[in-house]
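Scroll down for the structure; my scribbles are underneath it.
The values are calculated or read from the model by the stated rules, or taken from the named source; none is laboratory data. Since this is a predicted model, take the numbers as computed values, not measurements. Please note: Cβ atoms are built from the backbone with ideal geometry, for glycine as well, and neighbour counts cover all protein chains shown. These area figures cover heavy atoms from the full protein model, side chains too; ligands, DNA and RNA do not enter into them. Shrake-Rupley method; radii C 1.70, N 1.55, O 1.52, S 1.80 Å.
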Amino acid sequence: MASLDRVKVLVLGDSGVGKSSLVHLLCQNQVLGNPSWTVGCSVDVRVHDYKEGTPVEKTYYIELWDVGGSVGSASSVKSTRAVFYNSINGIILVHDLTNKKSSQNLYRWSSEALNKDLVPTGVLVTNGEYDQEQFAENQIPLLVIGTKLDQIHETKRHEVLTRTAFLAEDFNAEEINLDCTNPRYLAAGSSNAVKLSRFFDKVIEKRYFLRDSNQIPGLPDRKRFWGGTLKGLHYD
């Protein structure tokens, strides 16, 4: 099999929101039976057909970089995580729908990744208001995914989903809400599957068709990263 072109997508969010379960579901189409804490970064790969069903259809690798969220926000820790933020083509922001703080922290995660070369100000949200100017020049596609939808009581669901819709609007991103223990939320032909495919198509377009940039360096099949593991990469 010929080597495929690839794009790099970060998966960011607080510890415990379900990033590893989400990545496993996206890449293996299976529920992760016994998720564990991610230390450093774990990478898995999804095969995606760009513009599926059209004359320009082409298969790509989507590298999903699951960055551990349990290490806090100190400047030294941010500097350590910054190594994972190089040459990114897209970002999936993951939050727990039952945990409002994890939603608010997505502003910090996105700013940290998009402004990795800047000195952190420590202030991303002031008095509950979002500073849109921080991301005004962002050209990297974003997708917001809320997890643990099944754990929200029906009487609270409308309120929670209304709040998170504004969150996605702040990032100028589409939104998917799901339960990572139930594959039907990403079933082929579902609205969530369509949104996901559209996001990956946009990432590929930005990387290969809308700008002139260098290829992302090739990665070995397995590589150890700061306590995490680069896994599942098969390019031959």
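Pulled fully out, how much extra length does the chain show between N99 and N86, if you take 0.36 nm times their separation in residues and subtract their Cα-Cα distance?
Separation in residues times 0.36 nm, less the Cα-Cα distance, equals 1.8 nm.
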Discussion item. 7 Å from Cα along Cα→Cβ at both N29 and F209: what's the point-to-point distance in nm?
Written reply: 2.4 nm
Worksheet entry | Kirkwood hydrodynamic radius (C-alpha pairs) into Stokes-Einstein, region 149-191, 4 °C and 1.567 mPa s, D in µm²/s | 111 µm²/s
Worksheet item: Hey, any idea what % of region 1-66's accessible area is carbon plus sulfur with a 1.4 Å probe?
Response: 48 percent
Item to complete: Assign unit charges at the C-beta atoms only (+1 for Lys and Arg, -1 for Asp and Glu), then state the dipole size of region 1-65 relative to its Cα centre in Debye, rounded to the nearest 20.
Response: 60 debye
